[in-house]
Amino acid sequence: MLEQQQYHLIREHMQPGDIIAFGGNSLFSRWTKLTTRSAVTHVAIVMQTKMRDEDSNRYFNQVMEATSYKGKRGVMTNRLSERVASYDGDIWWLPLSSASRSIFEQNKREFFNFMFEQDGKPYDVLQLFGSAVDAIDEHPLFGSISYNQEDFNSWFCSELIAEGLETAGVVSGVNASEVTPVDICRFNIFKKRYVQLKGKGRVIGGFNSLKADNWGQIA
């Protein structure tokens with residue numbers, strides 16, 4: 001169920017492991033929307049909440065993402081408030097379900113260790129293209145062009161998030177290199193209620209509807 005709220009009204013409810021989904025308007029984002037048939041073009045994951053700002057004694061959220069932002073490209077941590085304020089497009093908050101949260105809490109040390117180890121690694125544009133074009137994955141001649149074998153020397157956004165969630169035990173048996181941004185949003189690991197922080201009432205098609213086991217594997 002989609003709701004709309006301003007970020008400052010709900011930011012204190014966000015927790016590590018929750019997903020932030022984006023739907024951009026750039027040329028690359030429009031290509032992603034076309035190939036995945038979805039409004040979602042990018043995903044990030046909440047890493048830290050209620051982190052004290054030494055200058056103003058405020059609290060804020062951070063997200064970790066593989067992206068290009070402020071002249072940098074790769075895996076990075078950014079303040080969510082800045083991303084919300086500056087982003088050209090739609091933004092949604094997808095909170096983990098109670099069951100997923102329980103599993104995440106049991107494995108959060110492994111999750112944080114894994115995610116921090118990825119900080120600064122390069123951004124992988126080529127595998128993002130391959131993950132989005134799945135129609136020929138099983139073709140005997142052309143499948144090698146579109147099907148991605150897992151490779152974690154560099155990352156695209158949903159690949160990083162999928163592997164992070166697998167490290168946390170929230171998903172299992174997933175080929176992270178075949179997971180698109182909207183695939184993350186469609187895994188049935190979230191609460192029924194999700195919140196649009198920016199944009200006007202745009203539903204994520206298939207939200208929370210797919211079993212997140214053995215995703216992207218070729219038998």
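Values for this structure:
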| read-out | value |
| --- | --- |
| Residues with amide H under 5 Å from that of Q196, placed H, sequence gap 5 or more | E3, Q4, Q5, W93 |
| Extension gain from K70 to K108, taking 0.36 nm per residue of separation minus the Cα-Cα distance | 10.8 nm |
| Residues with amide H under 5 Å from that of L210, placed H, sequence gap 5 or more | F187, N188 |
| Whole-angstrom gap from the range 67-87 to the range 94-124, using each part's C-alpha centre | 18 Å |
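Rule-based calculations on the coordinates, nothing more; no lab input. These numbers come from a predicted model, not from an experiment.
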